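Here is the structure we will look at.
The values are calculated or read from the model by the stated rules, or taken from the named source; none is laboratory data. Predicted, not measured: the structure shown is a model, and the values here were computed from it. Cβ placement follows ideal geometry from the backbone for every residue including glycine, while neighbour counts extend to all protein chains displayed. We work out accessible area using only protein heavy atoms, side chains counted, and drop any ligands, DNA or RNA first. Shrake-Rupley method; radii C 1.70, N 1.55, O 1.52, S 1.80 Å.
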Amino acid sequence: MIALMFGPPGSGKGTQASRVAVRLGISHVAAGDMLRDEVAHDTPLGHEAKPIMNAGGLVPDDLVVRMIESRLNEPDATQGVLLDGFPRTVPQAIALDAMLAARKDRVAWVVALEVPDEELKTRILKRATTEGRSDDTAEGLAQRLIVYRQDTAPVLEHYRAEGTRIVAINGVGDIDAITGRIMESLSHDGAAVKTA
Ligand code: AMP
């Protein structure tokens, strides 16, 4: 089962995706974490991605698609994957769909976290003081929000048009309560949690 955790920067995608993946017994694959790892190891991909990430832009589709494709071929991915931060553009979504179609699979469901912009700003600036992410600045956030609206929000429309189950979740409030909302919504769809 391949499923997606979707939402704007600072919506809690990473936090919720890791919790939901554990509960469903599937792997959490976070594109941003993988890219930060490439940067930390100064690989050719990391070298190319670093300035783009710091500026709040998007790493080119072909590079990210190749990275995710090889990750989905790793043994643990066969038990199911919750993708976080991918796909972030419609071309990435089309590439993912083609990858899955080749193995007679498709995106099972999408959880879309909804958080107002003001709250996103507060959270990111707070995260900047605790995690020290180089893109967690006021300018970085502003750019990531623009990119989210322009390039990433259409991904949700892509899956809506495909008829994929989309579960919209209020991402404001207590972390446990939000995880509870997600799990409860997914359990209303037997197919969504059949690997649990
Ligand atoms: P995240 O940790 O998901 O907030 O991602 C951090 C940064 O990594 C983003 O602002 C982008 O620069 C880059 N990134 C993460 N995922 C993708 C993706 N699917 N496509 C392009 N760039 C990405």
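What to note about this one:
- Qualifying helices (runs of 4 or more DSSP H) (wholly inside the stretch 1-57; at least 1 residues being touching a Ser or Thr at 6+ places or on another chain (Cβ under 7 Å) and more than 28 Å from Ala101 (Cβ to Cβ)): 13-24, 44-54
- When Val59, Val115, Val111, Val81 are checked against the criterion of being more than 26 Å from Ile182 (Cβ to Cβ) and out of contact with any His (no Cβ under 6 Å at 6 or more places or on another chain), Val59 stands alone in meeting it.
- Exclusive hit being out of contact with any Lys or Arg (no Cβ under 9 Å at 6 or more places or on another chain), open to solvent by 80 Å² or more (accessible area, probe 1.4 Å), away from the ligand (no atom under 13 Å from the Cβ) and modelled with pLDDT of 95 or more, set Glu118, Glu157: Glu157
- Yes/no for Arg144 being touching a Gly at 6+ places or on another chain (Cβ under 8 Å) and either open to solvent by less than 40 Å² (accessible area, probe 1.4 Å) or under 23 Å from Ile182 (Cα atoms) (or both): yes
- Only residues that are charged (D, E, K, R) and either without any contact (Cβ under 8 Å) to a residue 60 or more places away in the chain or outside any loop (DSSP other than H, G, I, E, B) (or both) were counted in the stretch 86-98, giving 1.
- Given (1) β-branched (Val, Ile, Thr); (2) within 15 Å of the chain's Cα centre (by Cα); (3) away from the ligand (no atom under 15 Å from the Cβ), index of the condition Val110 fails: (3)
- Count - residues of the stretch 159-190 that are in contact (Cβ under 8 Å) with a residue 24 or more places away in the chain and closer than 19 Å to Gly10 by Cα: 10
- Answer residue from the stretch 34-93, given it is among the polar types (S, T, N, Q) and open to solvent by 10 Å² or more (accessible area, probe 1.4 Å) and is nearest to the ligand (Cβ to nearest atom) among those: Thr89
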